[in-house]
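The values are calculated or read from the model by the stated rules, or taken from the named source; none is laboratory data. Note that the structure is predicted; figures quoted are calculated from it, not measured. Cβ coordinates were reconstructed from backbone atoms using ideal geometry, including for glycine residues, and neighbour counts include every protein chain displayed.
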Amino acid sequence: MKISAVFPCLSVHLCSRFHLRCQQIKGWLPKNPMKLDKEALPDLEETDCYTAPFSRARMHHFTINNRETFFSNSTRSRIVHHVLQRTKYEDGKSKMGINRLLGNNTYEAAFPPHEGGYKSRHPIKTHGAQNHRHLLYERWARWGIWYKYQPLDLIRRYFGEKIGLYFAWLGWYTGMLIPAALVGVFVFLYGLFTMDSSQVSKEICEANSTIMCPMCEETCEPWTLSDSCVYAKVTRLFDNGGTVFFAIFMAIWATVFLEFWKRRRAELTYDWDLIDWEEEEEELRPQFEAKYSRVERVNPISGKPEPFQPFSDKLSRLLVSVSGIFFMISLVLTAVFAVVVFRLIAMEKFASFNWNFVKKNWQFATSGTGVCINFMIIMSLNVVYEKVAYLLTNLEHPRTESEWENSFALKMFLFQFVNLNSSTFYIAFFLGRFAGRPGKYNKLFNRWRLEECHPSGCLIDLCLQMGVIMFFKQIWNNFMELGYPLLQNWWSRRKMKKGGGGGGGG
């Protein structure tokens, strides 16, 4: 079912800012190989004039050359979604909104369609763009245009201000990562070239006659200190004098990135007339209106009656939400403890393994399997956390959309911070601290001896933990962003072909 809105409906439900009548000022587009020129992006120039919230009573004050194109596609979609969220489909205070129909599976999905195709048989330079989607694909989304600056004004016009600000931040962040990546590569190369000159590595590698105590009970055997020579050299890659410099550099980089992004964001909010936009546009959530429509009070700012949530109801819902957050955090800590127990058990099993290669490298095998299991737990719990955070946020019944987003973002931050960093925190600050001494080792449940670090430290375990999580998490995110939609489209086309073939044969 396709729903559209005509101009009178759009003008009634809209409070966005639009251009007043004024003189158009042509901007100068520099011929920079990284910037899009006027021929490549003909819609880049806009009128430079004042804006004001749109009102039908003052329609003659606005620049309306064509009613069909006055409202952008993103604005039209936002207005239609606003109407659908506040339209009742049955009698009753809660029988309202498209979100409820989606929740009870009346509809499978609700989304704004694109305005047309993104490909054309003719070149864009000679025949122009068919629509804004085609223009965005040719001058922004194609792989061959990766070195160009983003057409933020066109992105904002097609997707809206929030998506435009997101891609502005993403481009700024990606650009700022270039100096950080270069410095990181130089620090790594410095550690690589000075790996053999480390005094600690030399002492460990040359200690052929130093006998070390077994790392575990019963199955482990005594070993020489030189057996950990490889671990000592690898540790040198990440633990050298350049690492201290890199840590100081990243602290300065983070501050510079944040301050310059604030400056860039201020420029965009001024150019796009987004200053105080949230305060002007803020409306009550339809779910809040449906839930508390019977209790009203006068808004001290607008002077109009609006639904009101009693303090006792808000407090009880907040307590339930906080309890759910603490429960999920405790679940993370329990999972970390389970991985610790697994490492203790695996340590004894790998040390007595029949395969000599595994038996000789049982420490690496223990760390590697523990990290992989921990990564799978992290990714599994991330899916659970997102659903729990969504349910808890809806349970609180936030008053406005911004309050809902802030509450949801806070929960996701807490969940992911604990989920991603708890195991890393354990390795960095607790692993090997409570192992005990020869003759008096500490044991977990009076059964398994606590794990120790390598003679060169636990940094190799920490690097392995962070490297596996960051590498595979990036691969998974890229797959979900790029690969999964392609698979979905391929499967949908396959089903449509089968359905069409079956229909023709019947």
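Based on what the data block shows, is ILE211 touching a residue at least 60 places away in the same chain (Cβ under 8 Å) and of a type outside the set (S, T, N, Q)?
In short, no.
So ILE460 clears everything in (1) over 29 Å from ILE345 (Cβ atoms); (2) of a type outside the set (Phe, Trp, Tyr); (3) buried (at least 18 other Cβ atoms within 10 Å of the Cβ) except one condition, right? Which one?
The one condition ILE460 does not meet is (1).
Keeping to the range 410-425, report how many residues are more than 18 Å from ALA346 (Cα to Cα) and touching a residue at least 24 places away in the same chain (Cβ under 8 Å).
Summing the residues that are more than 18 Å from ALA346 (Cα to Cα) and touching a residue at least 24 places away in the same chain (Cβ under 8 Å) in the range 410-425 gives 10.
Looking only at the range 368-383, which residues are touching a residue at least 40 places away in the same chain (Cβ under 8 Å) and within 18 Å of the chain's Cα centre (by Cα)?
Residues satisfying the conditions are PHE375, ILE378, MET379, LEU381.
Given the criteria surrounded by 11 or more Cβ atoms within 10 Å (Cβ to Cβ) and aromatic (Phe, Trp, Tyr), does TRP490 qualify?
no
Taking helices (runs of 4 or more DSSP H) that fall entirely within the range 110-177, which contain at least 1 residues that are without any contact (Cβ under 8 Å) to a residue 60 or more places away in the chain, over 25 Å from the mean Cα position of the chain (by Cα) and on the phi < 0 side of the Ramachandran plot?
124-127, 132-136
Of the residues that sit in the range 212-233 and are assigned to a loop (DSSP other than H, G, I, E, B) and under 45 Å from the mean Cα position of the chain (by Cα), which one is modelled with the highest pLDDT?
Among those that are assigned to a loop (DSSP other than H, G, I, E, B) and under 45 Å from the mean Cα position of the chain (by Cα), it is PRO214.
LEU391: of a type outside the set (Ser, Thr, Tyr) and in a helix (DSSP H, G or I), yes or no?
The answer is yes for LEU391.
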